[in-house]
1. Any idea which of (1) open to solvent by 30 Å² or more (accessible area, probe 1.4 Å); (2) not in a strand (DSSP E or B) is the one Asn22 doesn't satisfy?
2. Which condition number does Lys49 fail, the rest of (1) open to solvent by 80 Å² or more (accessible area, probe 1.4 Å); (2) in contact with a helix residue (DSSP H, G or I) (Cβ under 8 Å, 6 or more places away or on another chain); (3) modelled with pLDDT under 95 being met?
3. For the stretch 1-19, what are the residues that are assigned to a loop (DSSP other than H, G, I, E, B), free of Cβ contacts under 8 Å to residues at least 60 places away in the same chain and closer than 22 Å to Asn101 by Cα?
4. If I filter the stretch 25-46 down to residues being among the aliphatic types (A, V, I, L, M) and touching a residue at least 24 places away in the same chain (Cβ under 8 Å), which single residue comes out as most open to solvent (accessible area, probe 1.4 Å)?
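The values are calculated or read from the model by the stated rules, or taken from the named source; none is laboratory data. Only a predicted model underlies this, so the values are computations on that prediction, with no experimental measurement involved. Note that each Cβ is placed from the backbone with ideal geometry, even for glycine, and that neighbours are counted across all protein chains shown. Please note that ligands, DNA and RNA were not included when accessible areas were found on the heavy atoms of the full protein model with its side chains. Shrake-Rupley method; radii C 1.70, N 1.55, O 1.52, S 1.80 Å.
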Amino acid sequence: MLKDLLTGCITQKDILSYYNANVTYLSLIKGINGFVFNYKNINNIIINKNLSYYKRKKTLLHELAHIELNQLNQFDKDLFAFHIQDYEDEADRYINFLLENIKLN
Ligand SMILES: [Zn+2]
């Protein structure tokens, strides 16, 4: 799905509804770009609204990667998927992998 978004086959709205996700832009402290948590089967993505347009988009992709990689279900209490470096790295590697594949194809 994320790949389809990156290649322009689907829109941001499509992927959000597919993953039952909401995006909320809030003023977060510096250093936190965003985070995602699942509550009552809704994926809530919170993005720091103080970021630039480009960084907001990048953060949204990163949070969607957490959802797509099913990382939210790997937590005991399906709460915050941030500040856990292994998951952070995996989400970023996944985005980079998709971007590299798109360039090659
Ligand atoms: Zn993350």
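1. With (1) open to solvent by 30 Å² or more (accessible area, probe 1.4 Å); (2) not in a strand (DSSP E or B) applied to Asn22, the lone miss is (2).
2. It is condition (3) that Lys49 fails.
3. Gly8, Cys9, Ile10, Thr11
4. Checked the stretch 25-46; the qualifying residue most open to solvent (accessible area, probe 1.4 Å) is Ile32.
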